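Here's the structure we're looking at; comments come further down.
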Amino acid sequence: MSAAAQSGAGAMPGEAARSGPVGSSSGRAWRIAAPAVISVVTFLAIDLLLAALVGRPWGPAYPLSMDALVLLRMGPVFFSGLIVWPVMRARGATRAQAVVGILATPLAFAIVSGWRAAAFFPPLEAAYYSTNPMVVGAIGSQVSSAGVGALVYALWRARRHRSGRPVSSGATPLPISTGWSWGPIVAIIAGTALTVFAVIWDGGQHLFYPWVLLYGSLFG
Amino acid sequence: MALTRRDILVGGVGLAGLTVSGCAGSPTTGGRPIPVQGATAPPGSPNLLVIFSDDHRADHLGITGEVPFLQTPALDTLASEGVRFDRAYVTTALCSPSRATLLTGQYASRHGVQNNLSAWTPGTPSFFDSLAAAGYRCAYIGKWHMPGDLPDLPGVERFVTFTIEEGQGVYRDCPLIVDGVQTPRPGTYVSTDLTDYALQWLEETDDGRPFCLVVAHKAVHHEFEPPDDLLGTYDDVAIDLPDEAFTYQTLLDRNVWEGTAGRLQTSYRRYCETLLGMDREIGRLLDAIEPVADNTVVVYTSDNGYSWGEHVLTGKRWAYDDNIKVPFIVRWPDGVTAPGTVSDAPVLNADIAPTLLDIAGVPIPAAMQGRSIAPLLRGEAIEWRDEVFYEYFADFPYQVPPSQAVRTDQWLYVEYDRGLAPELYDTVADPQQQVNLADDPAYAATRQELSQRLADLRREFT
């Protein structure tokens, strides 16, 4: 029987597994980490596919396909926190674990970026490249996405609670009764501010130029 | 020179609101002109006007017909009255090195401004030094964009530039540094404002000496912001992107720092509209100097070209033609024997400095690596180069490897640092440079020969 079936209709995937029979510790760890791992693997798979296909037009579908891949690639890098945070917390992840979870894909993005940059710059400079504003923007976006995810999850739990359906306590600190907490709001505001500063406001140049100038100071 | 206030006003200049040194703002640590006491220029010495744009690719002139909807009437007229070189290249397809090359006539390896992070060394000789010493009144008005502290500039009597956004400037309300004084410019559009300053200087300092004026536009560099009245002019035109291009290639790692994030087509339309706006300002400047046009040499070129999707690139730097070829027009009423012609002689941005000196009758310093194209303009049969050398240095964070290239009439051969494989293109059979022949055994001898020529050029120019 699936975990969802055990917990009754409408339960978040995996939520009841936490309160059901406890498997091996590695199995539990996998269940907690799975959303983050899936996000990272999705990013890597799209990234590799994009790298393999870009610049090789095969027909009329080429531009549309490439646009789709580019935009899909950005999804897990910038927005997977929307799902990763609430699912990991629902499965019993601590706050620190969930933070690692939402940062895993931006980290993978940073590593891939640095790895590619190593074809053009010496290793230390390529490592510095990994701290680029896109990565900073992705981190901000993940934080705000996690805030949105946490808020939606909490509201969903509160609604279930009010309708008398079973709700697990989960690891989330949000109160079941109201679903309200300032934590997600702060995350949304802070994450959005970071993303706007890093990549949106004036095209991100307010972080870009200091980042390049710091490079000049470090390696010039 | 007999340029009157009426000429200026007829040219459409609004002088109101222009500020000059000492009138507004606070002093900066640099950016001051350093006039040079010169000899008296011989009577009849030609005026020199260099109009220098940013990121304007060679085929984006109305007169080429390459982009059917594009209108550049002022530049087209200039080309019809002068010589247009359709094989004009830059020595490095990047802002700062190319600007230093324009001023010095040298390759980046020699003048030292190798990328957008390496500074212009104060005291580096430019053509301004020589012209001022020969009795010219000189001015540099516009984008300087070389790293480090803004230097004081020997040889010029007016220095108007900007340092905002690390020297890139902004299209609207761009604060200027006017002779070393910070000068807010609220309510202005930068191409118009720079043109106003140029015309103001021409009028106010007219004392009978010949002038040398460089107007260096921010346009058409990103953020591609056209004047308000031109925004949307090309919204409805069909955009013909290269086969390998796609809308959101701007978000790829290779392009993401080029300032074009978003829809490629939208950025491209704004680019063309910004170009249209700059052309209008060029027309205004040319109209205003009409009274002295017969004795004025006008040079128009750009710091580099620009890729709009070719090789899935948005930007410059790579040694492909889209990036290294630039528009290059010279109008010289007293020198050009066949106005309206198109020359296929390969010329360089490094040729501009020696050409200006040559036309002015001023000795060309031996340190200049370019050659005067004055004989070509006069239609003289001379020995001329049949290949050009290109160099590019790493420019963090742009993912472009350092490279050197040789471009002949048929071949483009590129060697990269950091172990990247060379590239070889037959630009006659493959003008878009899509098929790399470097590993094709049938072209092994060609590659070998070009590699040797590149090695020779490297020894000569670096």
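All of the numbers you see were taken from the coordinates with simple rules; none came from a lab. Remember, predicted model here, so these are calculated numbers, not experimental data. Note: ideal-geometry Cβ built from the backbone for every residue, glycine included; neighbour counts use all protein chains shown.
Remarks
- Charge dipole (Cα centre; +1 on Lys/Arg Cβ, -1 on Asp/Glu Cβ; no other charges) of segment B:163-244 amounts to roughly 420 debye.
- Length-normalised contact order of chain B in % [C-alpha pairs under 8 Å, at least 6 apart]: 23
- On the beta carbon distance between A:Ile38 and B:Asp409, with R0 = 60 Å, the FRET formula returns roughly 0.65.
- Using a simple spin-label model with pseudo-atoms 7 Å out from Cα toward Cβ, A:Ser163 and B:Ala366 lie 9.0 nm apart.
- Residue order, fewest to most beta carbons within 10 Å, for A:Trp30, B:Trp308, A:Trp182: A:Trp182, A:Trp30, B:Trp308
- With K and R counted +1 and D and E -1, the other residues having a Cβ less than 9 Å from that of B:Gln404 yield a net charge of -2.
- The convex hull drawn around the Cα atoms of segment B:324-450, when projected onto a plane and averaged over every direction, covers 10.4 nm².
- In nm, spacing of pseudo-spin labels at B:Thr341 and B:Leu420 (7 Å Cα→C-beta vector): 3.9
- Whole-number percent relative contact order across segment B:401-462, with pairs defined as alpha carbons under 8 Å at least 6 apart: 25
- Relative to one another, the C-alpha centroids of segment B:216-255 and segment B:77-114 are positioned 23 Å apart.
- Cα lying deepest toward the dipole's positive end in the protein assembly as shown, options B:Val388, B:Thr29, A:Leu107, charges on Cβ: A:Leu107
- Evaluated with a Cβ-only charge set (Lys, Arg +1; Asp, Glu -1), chain B carries a dipole of roughly 1040 debye about its Cα centre, given to the nearest 20.
- Most to least packed among B:338-350, B:104-116, B:271-283 [average Cβ atoms within 10 Å]: B:271-283, B:104-116, B:338-350
- Sites A:Trp156 and A:Leu49, calculated FRET efficiency, Cβ-Cβ separation with R0 41 Å, nearest 0.05: 0.80
- Relative contact order (%) - segment A:12-219, alpha-carbon pairs under 8 angstrom, separation at least six: 22
- Semi-axis lengths, Å, segment B:5-386, gyration tensor of Cα atoms, sqrt of 5 times eigenvalues: 29, 24, 21
- Sum of side-chain charges, A:Thr131 neighbourhood, beta-carbon under 15 Å (Lys, Arg +1; Asp, Glu -1): -1
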